[in-house]
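S.K.: Right, I'll just put the structure down here and ask away after.
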Amino acid sequence: MSADTAPNTTTQTDSIYLDNAASTPLLNEVFLEMMPYLRTHYGNPSSLHKHGFDARRAISVARRRVASIIGASDKEIVFTSGGTESNNLAIKGAALECRAEDSRRTHLITSKIEHESVLEPIRELEKEGFEVTYLPVSNDGIINPDEMKENISGTKTAFVSVMLVNNEVGTIQPVKEIAKIIQSTSKEILLHCDATQGVGKIPVNVQTLGIDLLTISSHKINGPKGTGALYVRRGVRINPLLLGGGQEALLRSGTENVYGIVGFGKACEIALSNITSNEREISIIRNYLVKKVLNDIPSARFNGSVIHRIPNNAHFTISGVNGEDLVMKLDEYGIAASTGSACSSRKQKSSHVLRAMGFSYDEVTGSLRISIGSQNTIQEVDRFVMILSQVIKELRKFSPITPRL
Ligand SMILES: Cc1ncc(COP(=O)(O)O)c(C=O)c1O
């Protein structure tokens with residue numbers, strides 16, 4: 001298939017996709033690189049013949065590309081089924097290994113604004129006897145490293161798990177400062193970082209950040225779904241979750257998702273080479289959108305830190321409307337947006353992130369997250385804001401909530 005006949009990154013030409021924090025369109029170059037591994041190169045990477053060798057070699061190339069985007073060595077990359085599995089592997093794997101090595105290490109630290117795929121395994125460990133400190137955040141959605149200093153214990157703390165970028169409000173967390181506190185407390189304490197929303201959007205280097213375990217997901221950076229990786233710093237020991245053939249350095253068993261891994265590798269290569277230009281261009285579009293929304297919609301308020309923020313995220317509270325109604329109404333006009341994380345919208349839970357930031361019930365209800373991708377344009381933003389303004393007026397006619405202007 002030539003590049004001309006490959007599907008475009010957007011499927012519906014008149015729709016506007018502004019939910020790139022939930023997932024991103026697959027790039028043509030990524031799709032083309034994956035194609036042979038769906039059809040002609042179908043060998044099992046563990047096989048001892050040419051077909052197996054071809055698949056193995058493709059995985060090695062992808063591993064180097066994934067390692068490069070975070071400044072790691074390829075031997076430190078473990079392929080998984082995505083961000084959720086990487087988080088589970090890092091958290092359960094590290095906690096159980098730490099406790100096995102030293103039975104006093106049963107204290108964990110995380111933040112109140114982590115993704116459910118971090119919080120759920122931590123809650124499970126809590127039920128199994130681990131003690132957990134949930135760090136609070138400021139009204140701007142940022143962890144205060146001093147809070148960590150007060151709670152960390154050189155003898156009891158097993159590991160710390162903090163995200164690099166929050167998936168709802170896009171705030172960048174002070175991971176480097178947190179790493180320094182850990183290093184000055186004890187060499188035994190591990191730092192896991194869920195960088196699912198950061199990798200590919202801002203420069204990430206595991207060496208300079210001082211991270212032991214780091215989560216990446218392919219579909220957030222224009223790669224295929226169902227694949228991701230966990231960076232495991234050389235020398236760090238964790239327990240595997242999936243047992244079997246031990247394909248991924250004995251840390252993750254199962255025949256590798258070869259075409260997914262190939263696509264993930266290509267997506268990392270492209271994201272790394274475009275990171276500076278994308279950061280600049282996407283933030284220009286985001287800043288334009290924020291200005292226009294705040295100017296045209298007086299009941300809109302911008303949430304989260306302005307400075308410590310990912311370039312593609314804009315998060316608003318729209319007073320007097322229900323965020324879910326708003327998202328559904330926007331969809332009728334071909335606009336894809338979100339109230340926050342895709343996973344919690346399915347579970348119909350109010351945002352734990354916004355509650356941790358001290359938002360009132362009404363403020364949480366009226367939330368709208370816009371996340372820009374490299375495919376979006378200024379023209380799309382103009383059309384989006386025009387439709388948003390109209391939709392808000394329509395919803396207000398039926399809303400029992402009075403807008404605070
Ligand atoms: C911060 C964060 N962590 C983890 C995940 C889960 O990643 P995946 O969809 O690859 O399982 C997401 C997905 O939205 C996320 O935003």
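S.K.: Between Gly265, Gly235, Gly170, find the one with the highest GNM mean-square fluctuation for the chain; connect C-alpha pairs within less than 10 Å.
M.R.: Highest fluctuation of the listed residues: Gly235.
S.K.: How much length would be gained if the chain were fully extended between Met386 and Ser184, taking 0.36 nm per residue of separation minus their Cα-Cα distance, in nm to one decimal?
M.R.: Taking 0.36 nm per residue and subtracting the Cα distance, the gain is 67.5 nm.
S.K.: Choose one answer from Thr157, Thr276, Thr110: the residue with the largest mean-square fluctuation in a GNM of the chain with alpha-carbon springs under 10 Å.
M.R.: Thr276
S.K.: Within the range 249-317, report the chymotrypsin sites (Phe, Trp or Tyr not before Pro) that DSSP leaves as loop and that have at most 10 other Cβ atoms within 10 Å.
M.R.: none
S.K.: Would you please name the trypsin sites (Lys or Arg not before Pro) within the range 166-219 that are DSSP coil residues with at most 14 other C-beta atoms within 10 Å of their C-beta?
M.R.: Sparse-neighbourhood loop trypsin sites (Lys or Arg not before Pro): Lys187.
S.K.: Skipping prolines and chain starts, which residues have an amide H placed within reach, meaning under 5 Å, of the one on Ile335, given they are 5 or more residues away or on another chain?
M.R.: Ile16
S.K.: Of Met34, Met357, Met328, which is the most mobile in a GNM of the chain whose springs link Cα atoms less than 10 angstrom apart?
M.R.: Met328
S.K.: Could you pull out every whole DSSP H run in the chain that spans at least 24 Å of Cα extent along its own axis and averages -1.0 or higher on the Kyte-Doolittle scale? Display every interim value, and only then the final one.
M.R.: Working: long enough: 50-69 (29 Å, -0.38); 83-101 (26 Å, -0.34); 258-296 (48 Å, 0.22); 378-398 (31 Å, 0.29).
The answer, listed by residue number, is 50-69, 83-101, 258-296, 378-398.
S.K.: Using a Cα-Cα cut-off of under 27 Å, which lysines could be cross-linked to Lys75, ignoring same-chain neighbours fewer than 8 residues away?
M.R.: Lys50, Lys92, Lys176, Lys180, Lys187, Lys201, Lys220, Lys225, Lys266
S.K.: Let me ask something additional. Can you give me the long-range amide H partners of Thr133? Hydrogens built in the peptide plane at 1.01 Å from N, cutoff under 5 Å, separation of 5 or more residues or another chain.
M.R.: Long-range HN contacts for Thr133: Leu108, Ile109, Thr110.
S.K.: Counting alpha carbon pairs within less than 8 Å and at least 6 residues apart, what relative contact order, in whole percent, applies to the range 119-206? Before the final figure, lay out the partial values.
M.R.: Details: 92 pairs, mean separation 23.5, N = 88.
With pairs under 8 Å counted, the relative contact order is 27 percent.
S.K.: When the chain is fully extended, how far beyond the present Cα-Cα distance does Lys149 get from Ala249, taking 0.36 nm per residue of separation?
M.R.: Taking 0.36 nm per residue and subtracting the Cα distance, the gain is 32.6 nm.
S.K.: I need the calculated FRET efficiency for the pair His49 and Gln375, taking r as the beta carbon distance and R₀ as 45 Å, to the nearest 0.05.
M.R.: 0.65
Read the figures in this text as sums done on the coordinates, not as results from a lab. All figures in this text were calculated on a predicted structure; none of them were measured in a lab. Here Cβ is always computed from backbone atoms with ideal geometry, including for glycine, and neighbour counts include all displayed protein chains.
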